[in-house]
1. Pick out, in residue order, every one of the GluC sites (Glu not before Pro) in the range 24-116 that is DSSP loop and has at most 16 other C-beta atoms within 10 Å; say none if there are none.
2. So for the pair Gln89, Val25, with labels modelled 7 Å out along Cα→Cβ, what separation do we get in nm?
3. Where Lys and Arg each count +1 and Asp and Glu each count -1, what net charge lies around Asp78 among other residues with Cβ under 13 Å from its Cβ?
4. What FRET efficiency, computed as 1/(1 + (r/R0)^6) with R0 = 22 Å and r the Cβ-Cβ distance, is obtained for Lys70 and Cys206, rounded to the nearest 0.05?
5. Going through the cross-link list Lys35/Lys152; Lys71/Lys152; Lys26/Lys195; Lys43/Lys71; Lys44/Lys70, which pairs have a Cα-Cα distance over 28 Å in this structure?
Amino acid sequence: MLKRLLLITLLLPITAFAAKKECGVKPSYDITINKESVHIFNKKDDLTIMPNGNVVLNNRSILPNPSLQKKLVYFQQDLRQQLPLLEQQSLNLLLEVKMTFEQAIKNHISNDSELKSELNKLYKRLVKLLHASIITENGNTQFSYQHFNNIKKEGEDIGQHILYNVVGGSILHFEFFKNLGAVKQIAKNEWKAQKSKLKAFEAHVCSVITDIDVQYKQILTQLNQSINN
């Protein structure tokens with residue numbers, strides 16, 4: 001039981017690029033960005049914003065007033081900047097945490113290759129999970145709200161799956177038992193050092209998503225009002 005708890009403490013924290021304290025805003029729409037437009041859609045609403053601020057809402061072209069058109073231009077520009085940046089910041093943080101733990105393993109356990117292998121496996125799975133939520137390829141960005149909203153749970157599931165492989169695998173040989181103290185030290189010191197950084201990033205992600213959601217809902221309300229007037 002002790003060895004399992006130590007490994008949970010060591011390996012699972014890097015699944016926490018999604019907050020333990022849930023963000024108050026959960027998006028309910030996918031976003032696709034390309035050179036021609038920003039497309040925001042779900043089963044209820046389908047909004048396409050052109051770079052000049054012209055829009056199509058639920059297959060209906062709308063000519064917004066100058067004030068709203070200006071807001072639409074800024075909103076689609078903001079999405080083009082914020083979503084790819086959020087993706088890159090998340091990738092950078094995951095890599096930084098992985099490298100920190102790799103160095104700690106090297107310093108305390110003389111480069112335990114099996115433990116590093118499991119850490120690298122977890123890192124790759126988390127990158128894949130992140131890219132299911134948000135990914136930029138060839139200048140096009142896709143955001144999936146369902147994957148984004150479930151990223152914490154799915155990340156924890158991945159960590160648990162890899163943990164069980166570690167616990168049941170060849171890593172639990174005599175050399176590993178000799179290293180229990182070192183593993184505990186890594187878990188105590190290195191994760192403590194990463195905690196505030198991850199907490200700040202979690203708040204940043206929530207702030208970006210909240211700002212996008214507020215702007216989107218305001219714009220949607222104004223567009224529907226312009227149709228009804």
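A short reminder: the numbers here are calculations on the coordinates, not readings from a lab. It should be emphasised that the depicted structure is a prediction, and the values quoted were computed from it without experimental measurement. Glycine also receives a Cβ, built like all others from the backbone with ideal geometry; neighbour counts cover every protein chain displayed.
1. On the way: sites: Glu36, Glu87, Glu96, Glu102, Glu114; in loops: Glu36.
Those that pass, being in a loop and sparsely packed, are Glu36.
2. 1.3
3. Working: positive: Lys70, Lys71, Arg80; negative: Asp211, Asp213.
Taking every Cβ under 13 Å from that of Asp78, the sum is +1.
4. Result of the calculation: an efficiency of 0.25.
5. As for pairs spanning more than 28 Å Cα to Cα, those are Lys35/Lys152; Lys71/Lys152.
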